[in-house]
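The values are calculated or read from the model by the stated rules, or taken from the named source; none is laboratory data. Every value quoted in this text rests on a predicted model; they were computed, and no experiment measured them. With ideal geometry, Cβ positions are generated from the backbone for all residues, glycine too; neighbour counts draw on all protein chains shown.
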Amino acid sequence: MIHRNEISQAGLFENDSQVPGNAPSPPVAKSRRTSRTPGGAALPVDLGLTAPSQVVKNYVLDTNVLLHDPAALDRFKENHLCIPVDVLSELDKFKSEQTERGANARRVHRRLSAMFSGPGGITRGVTTEGGGTVRLVIYDPTSCPKDSALLNRFHSVFPDRDRIDHRIMAACLLLMRHNSAPVVLVTKDINMQLKARATGIECQDYLNDKVEPGEVSNYEIRRIPADPAELQRFASSGALEVAPERAASLAANEYVLLDSGGKQTIPARFNADGKFVKLSFPEALKIPDGMSVKPLNLGQRCLLDALLDPGISLITCYGHAGTGKTLLAVAAGLYEMFNRRYTGITVSRPVVAMGEQLGFLPGSLDEKMRPWLQPIHDALDLLMRPPAPTGPRRKQAKAASGTPARKPYELLMEQGILEIEALCYIRGRSIPNRFFILDEAQQLTPQEAKTIVTRMSRDSKLVLVGDPAQIDNPYVDSRSNGLVFTRKRLAGQPFVAHVALTRGERSELAEAGARCM
């Protein structure tokens, strides 16, 4: 936000009395103009510029906020919500799209239609459940006050009055002229935020579904002080109960290090019963006719404990490239499936390209999805690859000369045990007794993440893995994507766990690149 003295120094106002909010406050002007019927009678036209009250703030929503979260109409509690009619025109361009953006545009239209179907003027405001109001605001250049230095300055800087962004900002300036209460523009467009602040409009990002910066940047496991006697008791019994005040800030199924000073630490999980319990997992995951997988560091041991715990239904995992999050999730899914805990594995991934796209892909659905899911195929091929044959080379050559055998995971796919799912077809499904792995979950929008979580039926486990720092989806960022949104909203549930991986195991080169580049 730009302070009033900074705005005055920037030359946007001729004197301090013209700065909105400085005493004396400008008189509240009327937001009505008149039009004439063919017979010459004057009819009042309400432009929605005057708020129902001057006590709470007026929030003006940009189009991208409603496309991002249609439920934003109910997120502003007791404040006044203003929807410029130019936003409706922009929404109209997206409503026919067969995408999530198109679906959100249609949801906003239906919601506004339901809101304004009752008594009361559409520009006078209708009451929301939170005690605020929603109204439409009309920007009409002919109704602009001629003595507004702020509006005149805006039109001299941005003379294009047909551009939607400029019309929305001009509507904000009109609202500032007609109301003594603060007016705030809410937009996810960074360039529009800069324009608005440069012209004296208070501007904010839509933060309802954003997590705190520390939740994304801090991957360190928390340390809980414990005396040596407690540590010894925990090591022998596998459980430790402490005073509630010592664990007040811990979430259910949070992984910690019990620390008695020096190098005496033991990893533990704070379970839903309020106790610290030991990690439980086999020394190695043995895949039948395949390879064995061992956790190589503390983060991987915590992840494996969560993956194999039947009481945990949802796991979110952060980790930069090469930390082994996808490989370990697939290995745990295969291990659990072969031990008959789940009837099969479902693997999916958002279809979001990095850089330039190659256009439409030919073939069936499986052939179209193959390039996107190649990392999953690589992990399956590595885990289920039979050991190298032993014996005389003559017999090995004879066996290799026959018809090439099909890969083991391809046979599982034919039997329906291993399923590659396209997210665009997941709505409406109910997925019972499956181990569901969603790779690159940071590319999801919060609405897509909600759709996937609500598909899980009884006895299923959902694993969301990704790196919030690697995002190619232009509609989300590191703090508002579906992965971090899911972790934030479901944290503390007794069936939810979160693990952050910090150490790369792919190669020294990959680890150096992730850390330094």
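Name every residue in region 306-326 that is assigned to a loop (DSSP other than H, G, I, E, B) and either acidic (Asp, Glu) or farther than 24 Å from ASN271 by Cα (or both), in order of residue number.
At the first step, the residues of region 306-326 found to be assigned to a loop (DSSP other than H, G, I, E, B) are 309-313, 320-324.
ASP309, HIS320, ALA321, GLY322, THR323, GLY324, listed by residue number.
Name every residue in region 275-305 that is farther than 16 Å from PRO408 by Cβ, aliphatic (A, V, I, L, M) and assigned to a loop (DSSP other than H, G, I, E, B), in order of residue number.
Hits for region 275-305 are LEU279, ALA284, LEU296.
Just the residues that are without any contact (Cβ under 8 Å) to a residue 60 or more places away in the chain and either hydrophobic (A, V, I, L, M, F, W, C) or surrounded by 15 or more Cβ atoms within 10 Å (Cβ to Cβ) (or both), please, taken from region 140-157.
Applying the first criterion (without any contact (Cβ under 8 Å) to a residue 60 or more places away in the chain) to region 140-157 yields 141, 144, 146-148, 151-152, 154-157.
Within region 140-157, CYS144, SER148, LEU151, PHE154, HIS155, VAL157 meet the criteria.
Would you please name the residue that is surrounded by the fewest Cβ atoms within 10 Å (Cβ to Cβ), looking only at residues in region 451-500 that are in a loop (DSSP other than H, G, I, E, B) and among the basic types (Lys, Arg)? Break it down into steps so the answer makes sense when it comes.
Step one: list which residues in region 451-500 are in a loop (DSSP other than H, G, I, E, B), which gives 454-455, 457-460, 467-481, 491-495.
Those still in the list that are among the basic types (Lys, Arg) too: 455, 458, 479.
Details: ARG455: 19, ARG458: 8, ARG479: 19.
Across region 451-500, the extreme among qualifying residues is ARG458.
So the check is Cβ under 8 Å with 6+ separation or different chains; which pairs have a first residue in region 82-101 that's farther than 22 Å from ILE122 by Cα and touching a residue at least 40 places away in the same chain (Cβ under 8 Å) and a second one that's among the acidic types (Asp, Glu) and in a helix (DSSP H, G or I)?
These pairs meet every condition: GLU100/GLU448.
Check region 455-468 and report whether any residue there is in contact with a His (Cβ under 9 Å, 6 or more places away or on another chain) and of a type in the set (A, V, I, L, M). Spell out the reasoning first.
Going through region 455-468, the residues in contact with a His (Cβ under 9 Å, 6 or more places away or on another chain) turn out to be 467.
Within this subset, residues satisfying the condition of being of a type in the set (A, V, I, L, M) are none.
No: zero hits.
For region 132-156, give me each residue that is small (Gly, Ala, Ser) and not in a helix (DSSP H, G or I).
Taking region 132-156 first, the residues small (Gly, Ala, Ser) are 132, 143, 148-149, 156.
Listed by number, the residues that qualify are GLY132, SER148.
Restricting attention to region 479-513, which residues are touching an Asp or Glu at 6+ places or on another chain (Cβ under 9 Å), farther than 27 Å from ARG434 by Cβ and among the small types (Gly, Ala, Ser)?
SER480, GLY504
GLU448 is checked against (1) in contact with a strand residue (DSSP E or B) (Cβ under 9 Å, 6 or more places away or on another chain); (2) buried (at least 18 other Cβ atoms within 10 Å of the Cβ); (3) of a type in the set (Asp, Glu) and fails just one. What number does that condition carry?
Every condition holds for GLU448 apart from (1).
Cβ-Cβ distance below 9 Å, separation of 6 or more or different chains: which pairs start in region 400-416 with a residue that is in the same structural domain as ASP378 (by TED's automatic domain parsing) and farther than 19 Å from MET291 by Cβ and end on one that is modelled with pLDDT under 75 and among the basic types (Lys, Arg)?
Here the result reads GLU414/ARG406, each pair linking region 400-416 to a residue that is modelled with pLDDT under 75 and among the basic types (Lys, Arg).
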